[in-house]
Each structure stands twice: as C-alpha cells, then as structure tokens.
Amino acid sequence: MEMVKLTIDGIQVEVPKGTTVLEAARAANIQIPTLCYLKGVNEIGACRMCLVEVKGARNLQASCVYPAADGMEVKTNTVSVRKARRVNLELILSNHDRKCLTCVRSENCELQALSKQLGVDDIRYDGERIDYAVDDFSTSIVRDPNKCILCRRCVATCRDVQGIGAIGATERGFRSIVEPAFDKSISDVNCINCGQCIEACPVGALREKDDTDRVWEALSNPDLHVVVQTAPAVRVALGEEFGMPIGTRVTGKMVAALRRLGFDRVFDTDFAADLTIMEEGTELLNRLQSGGKLPLITSCSPGWIKYCEHNYPEFLDNLSTCKSPHEMMGAVVKSYYAEKNNMDPANIFVVSIMPCTAKKFEAARPELSSTGHPDVDVVLTTRELARMIKQAGIDFIKLNDEDFDPTLGDSTGAAVIFGTTGGVMEAALRTVYEIVTGKTLENLEIHAVRGMDGVKEVEVPLGDVTIKAAVAHGTANAKALLEKVKSGEKEYHFIEVMGCPGGCVTGGGQPIVPAQVQMEIDVHKARAAAIYDEDRALPVRKSHENESVKKVYAEYLGEPNSHKAHELLHTHYTPRKRY
Amino acid sequence: MSTSILQDNKEKFAELQRIIDEYKDKEGPLMLILHKAQELFGCLPVEVQEYIAESLDIPLTDIYGVATFYSQFTLQPKGKYTIGVCMGTACYVKGAQAVLDELSKEIGIKPGETSEDFVFTLEATRCLGACGLAPVIMINDDVYGRLVPSDIKGIVDKYRGR
Ligand code: SF4
Ligand code: SF4
Ligand code: SF4
Ligand code: FES
Ligand code: FES
C-alpha cells in the first residue's frame, strides 16, 4: 500500500494514500469535530465543522473530504480555525429548535456535544425559522423537521445503504427540508420502517415512535397478565445505554430489570427462533421434495418483508410463510400458554423488546392476530426499554443476573445467532443437515455466512443434493442479489435476508452510536462477537435439540407445519405500491 | 400509480417513454428529461414523476428533489395568469372574502384550481405587503387594490381576451 507522510499540529503521521485529513488526524490522537460526516456513508463536506488550516491552501479546508498528501502541513487548532468552526456552529444553532430539555437525544446528541466542545456560550444570531408540523403518522418513525440540521446523513443511508430513498432533500435555500416526496407523511411512502435513518441522525430530527406509555399503562392494570419477550440482539446492546462498552453481554441483568419493571413473565424470543427453525427448516425440505417454489427466502425481518412487498411482488411466493419469531411467540403465548394456565387471551398483554423499529409496524398488521387478538400488543425498541429502566430508578449495572422463565424462556445457541447477519442461515443449516443426513455436525460454526460482506454464499452437501444458499443484509444488497436470481445468473435453494446492514445487532432500534465513535469502533463486529460468545456459552446449540420446543410440539402443536402450526405460526403477504 | 392519468394520456406517456429512452444514457439525463416532460404535460405531477423514477430505476425523491429545487419546474398545472387574492388580516377585514367569492363566480373555479382553458389559476395568499391598498389582488405581477366585488368583471375581462 502506498503511504503518505504529513504533519498535523507538528506531529508526524504516516497513513495510506487516500486517507482523509480527518482520519489521519486520528493517528495523531487529534479529534477534529464533525457533524455531517458519517464514515463510508456520508462524506459530502457540507457542514464545515471539520475545518482545518492546510499550509499553502487559500481557505480553510473541510478535513472530512480533504485527502492527506505527502509533505502536507495541517493545523487543526488555530485561532482562525476555532473561530470559523464556531461561527458555522452558531449559524446552525441559530434556527435550530433548541429544546434540549424535552428532546429524546439530549445527552446523546452530536449537535449538543459540539456546542459544549466548541464552548458556545451565546448564540449571537437569531435566525428565522419555519414552524414545521411533526410527522408522527407512522407506527415506527417520527420526523421532526424543526430539529433537522440538513446534514443528509439519513438521506445517504436510506438512499445508498438501503437502496430506498424514501426521504430526500427537497426545495431550496431557506425552505430546504429533508422529507418524503410530495410532502407526504413517511407512513404513506415506500419507507420500510427499518430505522437506519434514526441511527444515522446526529440529532433528534428522527426518532422512534415512543410506546413506553402504553406499556406502563398495561403494567399498572391489575386485570392484565403482562408477558415480555426479548430478541437476541437486545442482550448485547442494552448495556451501552448505561455506559457499558459496545459488545457487553447483559442477558441476566436485562431479565432482572424486566422483572423489576413488573412484567409477570419474562420469556425469550430465542425460544421462538428455535421454533422458527423447525417450521422453516421443514418448509424448506418440503419445497425441495415436492418441487415447491424456490429459492425459499427467510421472513424474520419485517423491514425486508415490506421492502419485498413494495419492490419485488414477484418474489412474495418465495418468502417463507413463517411469521417472524416474536410474532410466533405472541401467538403461542395467547394460545398454548393461555390454555395451559386457564387464561383468557383477551387478558394477556404481550410486549416485545426488539432491536427494531420495523417490528412496530409488523405488530400492527391485521393478519398477525391468530387468536383474534393481536399476537403482539406493543413493540419497544432497545432504546425505549432503557428509558423505562431509567424512569423506574433501577440501578442496572448493579443488578444480579437472573434467568428467563421456564419453557417459553428456554433456547439454544442456534437461536441467539439470529441476531446477526448469517445467523438464521447458520441455525437452519445446523438443523437441516442433521435431520436430513442423520449425522452429527462436527463443526457447528459456519464461517462462510458470518461477517459483513454484502452477499455471502455457501454450499452444503446434504446426502444426494447440495444446498446452495446465500445471505444478504441491508436492502440494497438484497436488491443486488434478487436481481441476479431474477435474471437467472444465480440459482439458490435458500436465501436469508435481513433488512438492516449487519442484521439485528445493528438494527434501527438499537443504541445510537455517535459518528465519532464509529470512526474508532466497528459496532457490528463488537456486537456480533458478543452474540457468538453467547452461542458458545450455551449448553445446547441446535434448535432441534431444544427440549422445550419439543415439549410444545408434543403437547400442543403436533409436528412442524401441522394444521395447528399453520394456524398459529404462519402468515401471508400483501403487494404494495412501489413509491 | 393512478391508472386514470395513464389511460387518459396514453400517447403522452408513450412519448415520455421515447424521451426517457433517448436521454437516459446521456450525461445528466434527469434535467433534460424533466424539461421535456414538463413541455409535454405542462407540469410535473406525481404520476409523471413516478413514471420517470420507475423507468430510470431511481428513487422518487431524487426526481422530486430536482423538481422542487429549480423554480422552472412546476408540479401542478397552472393557468397563464395566476390570481392571488390576499387573505391577510388587513385585506380580510376590508372584504377580501367577497372579492374572492366574486372571482370564483366570475371564472367558475374554486381557490387552488385552474380553469379548464388554462387561462386562470386562483389562489388565496398571505399578506402581499400592500396593506394600505386593502383588499388587494395580484394577477401575475399586476397589483389591484381597494377593490369591491363589482370591479372584478372588468379586471378579469382585460386578461380574458389577451
Ligand atoms: S437535537 Fe440536540 S441540540 Fe437539538 S434540542 Fe435535541 S438535544 Fe438539543
Ligand atoms: S426507516 Fe428505513 S426506509 Fe424508512 S426512511 Fe428511514 S432508512 Fe429509509
Ligand atoms: S433528519 Fe437528521 S440525519 Fe437527516 S438531514 Fe436532518 S439532521 Fe441530518
Ligand atoms: S464538512 Fe466535514 S464533517 Fe461536515
Ligand atoms: S393583508 Fe393584504 S396586503 Fe397585507
């Protein structure tokens, strides 16, 4: 690799050619402030917070887009640099709706942090503002243009990373705004509710629809039996909201906190993930044997499902009919569990704690109500759960570990890896291999489907057939893969798609990591490593060996894909308009 | 996509497809295509923008962003003359509503609409900054003040024949 040598604030650094001055400064332990920059996603030099002096250059330069070159001399902390950055920041603040006290992002806001870092103690300009209506019609995403600083990080994420473009920069000058086309609500366009734009937003202009009040209300209603379940990815991220390092496993503390909040039962979505493998594995084998529609495509990710409904109606029959795991859990709680405990499902309230904003939309789908009641009553994101724990005054860090409640809280390592890209495929292959061949899988870990490559492929010999499988994450990658399937360039039996890049660990409901931290830490890698540690730490690591799943089949469901299983655990899809 | 405008304008959409095919591989095709489309349809309504987005396989927001950024593009069909009736406080107090009603009656359209012959578009607007002349209307760049409903026919007639 060709290297270049430069000095930054008198410190010699050597970096690969093509590195920006912003990144090179990190090598000298200098943090240049940024606002519109989001590594690898939005590098447009728009906000001018990252200005530096480059010897020989006429004006101050935006370091996030300025390539480091041999012999360059850079100064990041001069009077003129500090002054220019501050004026720019004050201009942004001058027409910002500065209500930090009531803002969800207070204390995790890049604008607020910058204001402190740059020592802004007065805002000398008072800019005129347009008073925009807050768009809160969506089940998942709330847009507040009054807080938007027009950095376009969300636009680049939605358009380029997700391949959607549900929101864009429109109008000009004073009227510039980031919004869906034709002034529509985000609930009325092709938004898939993935929440990746929220993760990208440095401020409080995009946020999840907060449903904590509905849960507090249910918890204080003595007539309701309130059951909670947690998705695999939540346990490796929740700790971040309490200051723990990225990638800390807090499964036991999370369960303890949920009990203290007053939930009557704490179940694990992982149980339902094992159930999903039984249902979906069987569906795959049936389709293979009976010449059914292939490739079979996974259906755990509601962001991906809505994307498919908008953009690939011709693939709806390829989707597995399996509900997503937490919906299966809801249906099992309101049927099997209700009957067993002599309860009226009308009095059971199911709350799902998810790393995902799209699951809020999913829970509201009318077809997902097998018992005549919604399978899941409320979905909370990881962030909302943290909010409730804080509101309740629970000292999370000091909690002792507790276990999930029995049966519907029992799960395997195969289930926990659902939380990252490749995990559903790996879990399915572990089970399908053993069921078809009757042999024990020597090496459980299928590394070909792990990691952050956009599309991953694997071939697994199963007796006389070889299963060809592919994994895609993030909808832009899914699109690329499906186009190849459509054109006949590629053929597969089985495809896993997760709507968010990296899968659920980096889902749109997870703790928001500031852009500056993302420059240092690979968030997906850290959280996924925790997921794989969790898998390795569990005594049972294959879904078909989950004794509690076997028990529920024996006592209630019959066998995978039985009539009863179909009633409770499967669903159908709806084609939607492209825009 | 609403089918009605597609069916009513089959030929125009066929022409639009020809335009897209001609320009899509050129440098900066979007501006060119939007210009031609506006010539063809007189404006860039949602159906036309969706059609272009789908043909080029780009997000609708890309097109809408360009269409709203440049003032030469318009999203709704407009008449040759846009009549803005000030509904600001001063004008309202001095009888703007009666003036607006008279305009509606005279041209036969409601505020926000365009006459079928595309001569007039009628709009209710905010304060035009000429409160001393209240009630005020503007027809393109011409200002008329201190109006009473009986003035309207004469004014409108001036533009009708042009
Ligand atoms: S977005 Fe940030 S700066 Fe703006 S009100 Fe919220 S916390 Fe304060
Ligand atoms: S939720 Fe996803 S699809 Fe919707 S606007 Fe945000 S990034 Fe785009
Ligand atoms: S909504 Fe947030 S991410 Fe999007 S442009 Fe505005 S401030 Fe930036
Ligand atoms: S211009 Fe560099 S961070 Fe915005
Ligand atoms: S109120 Fe009509 S011009 Fe001011």
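The values are calculated or read from the model by the stated rules, or taken from the named source; none is laboratory data. Just so you know, these numbers come straight off a predicted model, no measurement behind them. For neighbour counting, all protein chains shown are included, and Cβ atoms are generated from backbone atoms with ideal geometry for every residue, glycine included. What goes into the accessible areas is simple: the full protein's heavy atoms, side chains included, and nothing from ligands, DNA or RNA. Shrake-Rupley method; radii C 1.70, N 1.55, O 1.52, S 1.80 Å.
Data table
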{"quantity": "Failed item in (1) of a type in the set (A, V, I, L, M, F, W, C); (2) under 20 Å from the mean Cα position of the chain (by Cα); (3) part of a helix (DSSP H, G or I), with B:Ile19 passing the rest", "calculated": "(2)"}
{"quantity": "A:Thr276 being in a helix (DSSP H, G or I), at pLDDT 95 or above and either within 16 Å of A:Asp377 (Cα to Cα) or hydroxyl-bearing (Ser, Thr, Tyr) (or both)", "calculated": "yes"}
{"quantity": "Residue check, A:Ser80 out of contact with any Gly (no Cβ under 6 Å at 6 or more places or on another chain) and either part of a loop (DSSP other than H, G, I, E, B) or open to solvent by 90 Å² or more (accessible area, probe 1.4 Å) (or both)", "calculated": "no"}
{"quantity": "Test for A:Ile149: is it away from ligand 5 (no atom under 16 Å from the Cβ), assigned to a loop (DSSP other than H, G, I, E, B), at pLDDT 95 or above and over 25 Å from A:Tyr307 (Cα atoms)", "calculated": "yes"}
{"quantity": "Residue under evaluation A:Phe182, criteria (1) in contact (Cβ under 8 Å) with a residue 60 or more places away in the chain; (2) open to solvent by 20 Å² or more (accessible area, probe 1.4 Å); (3) over 28 Å from A:Pro33 (Cα atoms); (4) away from ligand 1 (no atom under 16 Å from the Cβ), criterion not met", "calculated": "(1)"}
{"quantity": "The range B:49-72 - residue that is outside any helix (DSSP H, G or I) and surrounded by fewer than 19 Cβ atoms within 10 Å (Cβ to Cβ) and, of those, farthest from the other protein chains (Cβ to nearest Cβ)", "calculated": "B:Gln72"}
{"quantity": "Qualifying residue in the range A:156-171 (condition: crowded, with 24+ Cβ neighbours inside 10 Å, within 11 Å of ligand 2 (Cβ to nearest atom) and part of a strand (DSSP E or B))", "calculated": "yes"}
{"quantity": "Any hit, the range A:230-244, residues being charged (D, E, K, R), modelled with pLDDT of 95 or more and open to solvent by less than 10 Å² (accessible area, probe 1.4 Å)", "calculated": "yes"}
{"quantity": "In the range B:76-86, the residues that are farther than 12 Å from B:Leu122 by Cβ and touching a Pro at 6+ places or on another chain (Cβ under 9 Å)", "calculated": "B:Gln76, B:Pro77, B:Cys86"}
{"quantity": "Matching residues, the range B:98-116, being free of Cβ contacts under 8 Å to residues at least 24 places away in the same chain and open to solvent by 70 Å² or more (accessible area, probe 1.4 Å)", "calculated": "B:Lys105, B:Lys110, B:Glu113, B:Glu116"}
{"quantity": "Some residue of the range A:210-227 being more than 16 Å from ligand 1 (Cβ to nearest atom), of a type in the set (A, V, I, L, M), in contact (Cβ under 8 Å) with a residue 24 or more places away in the chain and assigned to a strand (DSSP E or B)", "calculated": "yes"}
{"quantity": "Criterion: of a type in the set (S, T, N, Q) and within 14 Å of another protein chain (Cβ to nearest Cβ) - qualifying residue of A:Gln162, A:Gln196", "calculated": "A:Gln162"}
{"quantity": "The one condition in (1) more than 16 Å from ligand 2 (Cβ to nearest atom); (2) open to solvent by 60 Å² or more (accessible area, probe 1.4 Å); (3) not β-branched (Val, Ile, Thr) that A:Leu150 fails to fulfil", "calculated": "(1)"}
{"quantity": "So A:Ile177, is it away from ligand 5 (no atom under 16 Å from the Cβ), touching a His at 6+ places or on another chain (Cβ under 9 Å) and open to solvent by less than 40 Å² (accessible area, probe 1.4 Å)", "calculated": "no"}
{"quantity": "The range A:454-500, residues that are closer than 22 Å to A:Cys300 by Cα and of a type in the set (Gly, Ala, Ser)", "calculated": "A:Gly454, A:Ala469, A:Ala470, A:Ala472, A:Gly474, A:Ala476, A:Ala478, A:Ala480, A:Gly499"}
{"quantity": "Neighbours by Cβ (under 8 Å, 6+ apart or cross-chain): first from the range A:566-579, more than 13 Å from every other protein chain (Cβ to nearest Cβ); second open to solvent by less than 70 Å² (accessible area, probe 1.4 Å) and assigned to a strand (DSSP E or B)", "calculated": "A:Leu569/A:Cys322; A:His570/A:Cys322; A:Thr571/A:Cys322; A:Tyr573/A:Leu319"}
{"quantity": "The range A:399-453, subset at pLDDT below 95 and farther than 19 Å from A:Ala469 by Cα, residue most open to solvent (accessible area, probe 1.4 Å)", "calculated": "A:Glu442"}
{"quantity": "Filter result (open to solvent by 20 Å² or more (accessible area, probe 1.4 Å) and in a loop (DSSP other than H, G, I, E, B)) within the range A:543-561", "calculated": "A:Gly558, A:Glu559, A:Pro560, A:Asn561"}
{"quantity": "Only one of A:Cys100, A:Cys109 that is more than 14 Å from chain B (Cβ to nearest Cβ) and within 16 Å of ligand 4 (Cβ to nearest atom)", "calculated": "A:Cys109"}
{"quantity": "Selection status of A:Pro232, within 14 Å of A:Pro511 (Cα to Cα) and touching a helix residue (DSSP H, G or I) at 6+ places or on another chain (Cβ under 6 Å)", "calculated": "no"}
{"quantity": "Options A:Pro539, A:Pro514: the member that is within 30 Å of A:Arg383 (Cα to Cα), surrounded by fewer than 17 Cβ atoms within 10 Å (Cβ to Cβ), under 27 Å from the mean Cα position of the chain (by Cα) and of a type outside the set (Val, Ile, Thr)", "calculated": "A:Pro514"}
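Residues checked against (1) within 16 Å of ligand 3 (Cβ to nearest atom); (2) over 30 Å from A:Cys148 (Cα atoms):
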{"site": "A:Arg207", "(1), (2)": "yes, no"}
{"site": "A:Asn221", "(1), (2)": "no, yes"}
{"site": "A:Ile246", "(1), (2)": "no, no"}
{"site": "A:Arg259", "(1), (2)": "no, yes"}
